[in-house]
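What follows is a single structure, written as structure tokens, with notes after it.
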Amino acid sequence: MMLSQLQKRFQRIDQSKFFQSFVIAVIIISALTVGAHTYALHPSVELALDWMDSFITLFFLVELIIRYFASKGIKHFFSKGWNIFDTIIVLGSLYPAAGSTMLIARLLRIFRVLRLVSMIPELRLLVNSLLKAIPQMGYIALLMFVIFYIYAAIGSMLFAHINPVLWDDVSISMLTLFRIATFEDWTDIMYETMAVYKTSWIYYITFIFLTAFVFLNMMVGTILEIMTQEHQSAREKEAGNDALPATQGQVKALEKQIAALSQLLDQKDK
């Protein structure tokens, strides 16, 4: 009984909007302190930032413990991927920041900013959508790689004697094609080859059409489709959660009516 009461208290704290807002504020302050360490500061300011960093690390550990006790046990706690994610980040930030380990500790604490993703539902939805879209995007990326490889081989065969720096072999040609796909001064490359092969513009136009317009739009479309599905499922869950208290209220009202009717029947029988 005592344990259940404590668990309910921890659940109230964990689900409190004030507590969640305070955690988000601490995450933002943590990001600012990490950024502040990159500047040349007065030793007293550095000391104050170190103390603040220690407090933030301790607070994140306490917050994780509160969330753990608010759950229904270790199995339930680690069944949620975001809890595993937060645990790894918090444990990583406990790495001692002293002496030769200072740089490693600060690098690990940079990742505490990622806890914003686990704290803000909208960001969690975006990340979940992206993760679910990865398998479908993988096939599109594979097809893009095939197109890159074919065009790189053709480019190396045709243009290697014009500019070996850009077209010497397949690997270098693929880097050049990536530059073209991102529109980084791609016209300079095209005009250089057009001075030798006047119709080489066909090579560049077809490649840009396939990569920049077709495949990248396919990736964007895949992500948008998954995001739409995630938003719809989230709305359905919210609607189900809102309907649950109303259903419980109706059940209780029916139970009261049945109890009243049974009392009337008993009185009539007497």
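The values are calculated or read from the model by the stated rules, or taken from the named source; none is laboratory data. Keep in mind that this is a model prediction, so the values were computed, not measured. All Cβ positions, glycine included, derive from the backbone under ideal geometry; neighbour counts span all protein chains shown. Ligands, DNA and RNA are stripped out before the accessible areas are found, and what is left, the full protein with its side chains, is counted by its heavy atoms. Shrake-Rupley method; radii C 1.70, N 1.55, O 1.52, S 1.80 Å.
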Would you pick out the residues in the range 120-143 that are of a type in the set (A, V, I, L, M, F, W, C) and open to solvent by 30 Å² or more (accessible area, probe 1.4 Å)? ILE120, LEU123, LEU125, LEU126, VAL127, LEU130, LEU131, ILE134, MET137, ALA141, LEU142, LEU143
Regarding the range 170-182, can at least one residue be identified that is among the β-branched types (Val, Ile, Thr), over 36 Å from the mean Cα position of the chain (by Cα) and open to solvent by 70 Å² or more (accessible area, probe 1.4 Å)? no
Does the range 36-48 hold any residues that are surrounded by 11 or more Cβ atoms within 10 Å (Cβ to Cβ) and within 22 Å of ILE89 (Cα to Cα), and which are they? ALA36, HIS37
Tell me yes or no: at least one residue of the range 250-262 is of a type in the set (Val, Ile, Thr) and modelled with pLDDT under 70. yes
Filter pass, PHE111 being touching a residue at least 24 places away in the same chain (Cβ under 8 Å) and open to solvent by 70 Å² or more (accessible area, probe 1.4 Å): no
What pairs come out if I take residues in the range 178-205 that are at negative phi and pair them with residues that are of a type in the set (Asp, Glu) and open to solvent by less than 90 Å² (accessible area, probe 1.4 Å) whose C-beta lies under 8 Å away, six or more apart or interchain? ARG179/ASP185
Being at pLDDT 85 or above, of a type in the set (Ser, Thr, Tyr) and assigned to a helix (DSSP H, G or I): is that true of SER4 here? no
Hey, ALA133 hits all of (1) under 17 Å from ILE24 (Cβ atoms); (2) modelled with pLDDT of 80 or more; (3) in contact with a Ser or Thr (Cβ under 8 Å, 6 or more places away or on another chain) but one; which does it fall short on? (1)
Qualifying residues in the range 7-35 (those that are part of a helix (DSSP H, G or I) and among the small types (Gly, Ala, Ser)) - the one least open to solvent (accessible area, probe 1.4 Å): SER30
Selection count, the range 50-93, where residues are buried (at least 17 other Cβ atoms within 10 Å of the Cβ) and outside any helix (DSSP H, G or I): 1
